[in-house]
Structures are given as C-alpha cells and as structure tokens.
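Note sheet for the following structure.
The values are calculated or read from the model by the stated rules, or taken from the named source; none is laboratory data. Quick caveat, the model's predicted, so the values are computed rather than measured. Counting neighbours? That spans all protein chains shown, and the Cβs are built from the backbone with ideal geometry, glycine included.
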Amino acid sequence: MSPDVAIREIRQSIGRSVFSRTSVQYIDSKSILTRASGFLSRYDFTLNPYSGCGFGCEYCYARFFAPSAKQRESWGQWVSAKRNARELMAKACRSGALKTGDAIYMSSVTDPYQPVEQRLGLTRAILEAMLECGVQPRLTIQTRSPIVTRDIDLLRRFDKVRVNFSIPTDSEDVRLRYEPHAPSIAVRLKAAAKVADAGVRIGISITPMLPIRDIEAFGIRLAGLNADGYSTQYLKPERSSFGAGSTSEVLKKAQEDAWGIREYSRARESLARVLGEGRKLYEGASGYAPIR
Ligand code: SF4
C-alpha cells in the first residue's frame with residue numbers, strides 16, 4: 001500500500017474530522033526513550049514519538065497520563081510532536097543507551113502511526129535512525145493505523161519486530177460508538193494482512209474487547225491472519241491498579257450495550273474455540289510481552 005493509498009483509506013474510513021480537529025504543537029524533547037515500568041515492565045524502554053493522539057478513542061487509558069486536566073478533557077484534539085526524535089534516537093544508539101536486544105514498546109501513550117505521522121514522519125525517522133546506527137532492538141509496535149504499511153520496507157530490515165494491531169471489535173457500529181475517529185475495522189484487517197504477507201510478524205490486540213456481533217466469523221477472519229498471538233482484555237474499571245481506567249461515559253455505554261464481564265468471558269471462550277489450540281490466546285499483560 002502506498003502512503004497516498006494509506007492516507008486515503010484513513011480519510012475514507014473516518015472522514016476528514018480528525019485532520020481538522022487535531023492541533024499539532026512541536027516540541028524539542030530531552031529524551032526519546034523512557035525506562036519501562038508497571039504493565040510494560042518486561043520491556044526495557046517505551047518510545048513515544050508523540051504525546052496525545054488524533055484518534056482520540058473514548059476508552060483510551062493514555063489520556064490519564066496527559067500533563068494537564070485540560071488536555072485530558074480535550075484528548076484527541078491535540079498532539080505534541082517531538083520534532084527532534086531522529087536526533088535523539090541517533091544519539092541514544094551512538095551513546096550505547098540503546099543496545100541490540102533491548103526490548104522497546106512503541107508506543108505507550110500515543111499511536112505512532114496516527115494521522116499526523118503521514119505528514120511528519122517522526123516514527124519513520126526513528127526507525128531509520130536505529131537502522132543507520134546498526135542497533136537491532138526487539139521492537140513491538142502497537143497501532144490501529146494502515147499508515148504502518150508505508151514503513152514495511154524498514155520493518156523488514158529489523159531482526160525482531162512485531163506489529164500489534166488493535167482490533168477491539170468486528171462491528172463498524174460499535175467502532176463508531178467507541179472510537180469514531182479511528183480507521184475502520186476493514187481497513188485495519190487489510191493492513192494487518194498486508195504487513196503479515198510482507199513477512200513481518202504481527203499480533204492482534206482485541207483490547208479492550210468491545211461488543212462483538214459475530215464472534216465465529218470474527219475469529220475465523222483473525223485466525224486467517226496467522227498472527228504470533230492474540231490477546232483480549234475487558235474494559236478496565238474506573239480506577240485500576242496502574243492509575244488509569246475507563247471513563248464513566250465508556251462504562252455507561254458498555255452497560256447500555258449489555259456488554260459486561262460475563263458477555264466478554266463468553267466471547268473470549270468462543271474465540272479460543274475458533275482459534276483452536278495451535279494459536280496463542282493471551283489475556284491482560286501477558287498479551288503485551290516483548291518479542292523473542
Ligand atoms: S489509538 Fe491508542 S493511544 Fe490513540 S487514542 Fe486510541 S487507544 Fe489512545
């Protein structure tokens with residue numbers, strides 16, 4: 001998929017609203033790598049080219065880590081771009097702060113392939129800087145965006161990389177209800193297939209699992225992607241152990257949709273049956289383990 005096709009597919013699937021509603025601020029960051037902790041403690045570093053995210057999913061836990069209450073409230077409408085990301089990455093590689101084999105999770109508080117990446121290319125620049133320095137981290141990329149297909153040429157040059165696609169439902173109606181500014185489910189499935197067909201390992205994150213319309217058909221479709229692993233998780237409570245949780249609005253929507261922990265558990269059981277014993281189905285943090 002060419003970059004133009006990727007961006008056209010995002011525009012077609014989510015409309016133009018996300019492009020006009022998100023303001024971009026440029027910052028010179030002090031560092032690009034953050035020591036991983038908590039939920040992601042099996043990684044050495046998290047890597048965020050941006051803070052804020054134009055996709056603005058309603059259930060997003062990253063909003064709780066925004067610097068101010070105003071930014072938490074306007075989540076999805078602002079992005080801070082680390083314009084010196086390439087230089088910082090090159091410096092981290094040259095200084096030995098990042099070494100071959102280190103496990104990186106990209107990204108913990110943003111989507112590295114959100115729409116603004118098409119224009120700014122910071123995520124691509126970071127990947128280029130790693131490759132130019134000859135450092136080969138164990139890289140996990142978490143995204144719901146087809147823009148990742150633009151970088152397949154670079155991803156294929158990493159020894160250990162996995163792209164985890166966030167696909168929390170099979171239903172466009174549900175997707176529009178919980179993440180109206182994100183790419184359509186069809187576009188994500190197509191992007192995941194494209195990345196996998198290019199020989200790059202993928203994972204499927206059905207997290208948080210949202211109401212599923214046809215778990216059998218969804219499971220068969222996901223199984224066909226031959227991912228390294230599949231992971232599920234129910235919506236977090238309002239206050240979870242890692243300090244972020246679901247908003248009361250999202251939990252209310254789930255209640256209106258009759259989507260509780262029991263419905264989730266039943267869907268997960270059905271998914272396990274459809275995926276079969278040969279495919280790995282994880283739950284919670286185990287679904288976010290670094291690539292080996
Ligand atoms: S794409 Fe990820 S980081 Fe962005 S708003 Fe959605 S859940 Fe949050």
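So if I check each of 248, 286, which one is closer than 26 Å to residue 105 by Cα and of a type in the set (Ser, Thr, Tyr)? Outline the logic, then answer.
Working: 248 fails: closer than 26 Å to residue 105 by Cα.
It is 286.
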Pick out, from the range 175-292, the helices (runs of 4 or more DSSP H) lying fully within it that include 1 or more residues that are among the acidic types (Asp, Glu) and free of Cβ contacts under 8 Å to residues at least 40 places away in the same chain. 185-197, 248-256, 261-275
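Determine whether residue 71 is surrounded by fewer than 19 Cβ atoms within 10 Å (Cβ to Cβ), out of contact with any helix residue (DSSP H, G or I) (no Cβ under 7 Å at 6 or more places or on another chain) and either free of Cβ contacts under 8 Å to residues at least 60 places away in the same chain or not hydroxyl-bearing (Ser, Thr, Tyr) (or both). Give the steps one after another, and end with the answer.
Numbers: surrounded by fewer than 19 Cβ atoms within 10 Å (Cβ to Cβ): yes; out of contact with any helix residue (DSSP H, G or I) (no Cβ under 7 Å at 6 or more places or on another chain): yes; either free of Cβ contacts under 8 Å to residues at least 60 places away in the same chain or not hydroxyl-bearing (Ser, Thr, Tyr) (or both): yes.
Considered against the rule, which asks whether it is surrounded by fewer than 19 Cβ atoms within 10 Å (Cβ to Cβ), out of contact with any helix residue (DSSP H, G or I) (no Cβ under 7 Å at 6 or more places or on another chain) and either free of Cβ contacts under 8 Å to residues at least 60 places away in the same chain or not hydroxyl-bearing (Ser, Thr, Tyr) (or both), residue 71 comes out as yes.
Quick check: anything in the range 42-52 surrounded by 14 or more Cβ atoms within 10 Å (Cβ to Cβ), modelled with pLDDT of 95 or more and assigned to a helix (DSSP H, G or I)? Before you say what the answer is, go through the steps one by one.
Step one: of the range 42-52, the residues surrounded by 14 or more Cβ atoms within 10 Å (Cβ to Cβ) are 43-52.
Retained after the next criterion (residues that are modelled with pLDDT of 95 or more): 43-52.
Then keep just the ones that are assigned to a helix (DSSP H, G or I); that gives none.
Among the residues of the range 42-52, not one is surrounded by 14 or more Cβ atoms within 10 Å (Cβ to Cβ), modelled with pLDDT of 95 or more and assigned to a helix (DSSP H, G or I), which makes the answer no.
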Long-range neighbours under 9 Å by Cβ, at least six apart or interchain, first residue free of Cβ contacts under 8 Å to residues at least 40 places away in the same chain and farther than 22 Å from residue 188 by Cβ within the range 101-113, second assigned to a loop (DSSP other than H, G, I, E, B) and within 9 Å of the ligand (Cβ to nearest atom): none
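Condition check ((1) on the phi < 0 side of the Ramachandran plot; (2) within 16 Å of the ligand (Cβ to nearest atom)) across all residues:
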residue: 58; (1), (2): yes, yes
residue: 61; (1), (2): yes, yes
residue: 68; (1), (2): yes, no
residue: 73; (1), (2): yes, yes
residue: 76; (1), (2): no, yes
residue: 79; (1), (2): yes, yes
residue: 94; (1), (2): yes, no
residue: 107; (1), (2): yes, yes
residue: 131; (1), (2): yes, no
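Have a look at 220, 202 and point out the one that is under 16 Å from the mean Cα position of the chain (by Cα) and of a type outside the set (D, E, K, R). Please lay out each step first, then the result.
Details: 220 fails: under 16 Å from the mean Cα position of the chain (by Cα).
Exactly one of 220, 202 is under 16 Å from the mean Cα position of the chain (by Cα) and of a type outside the set (D, E, K, R), namely 202.
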Please list, ordered by first then second residue, the pairs with beta carbon atoms under 6 Å, 6 or more apart or interchain, first in the range 122-145 and over 22 Å from residue 96 (Cβ atoms), second within 16 Å of the ligand (Cβ to nearest atom) and part of a helix (DSSP H, G or I). 123/117; 144/188
Every residue from the range 258-273 that is in contact with a Leu (Cβ under 8 Å, 6 or more places away or on another chain) and surrounded by fewer than 18 Cβ atoms within 10 Å (Cβ to Cβ): 272
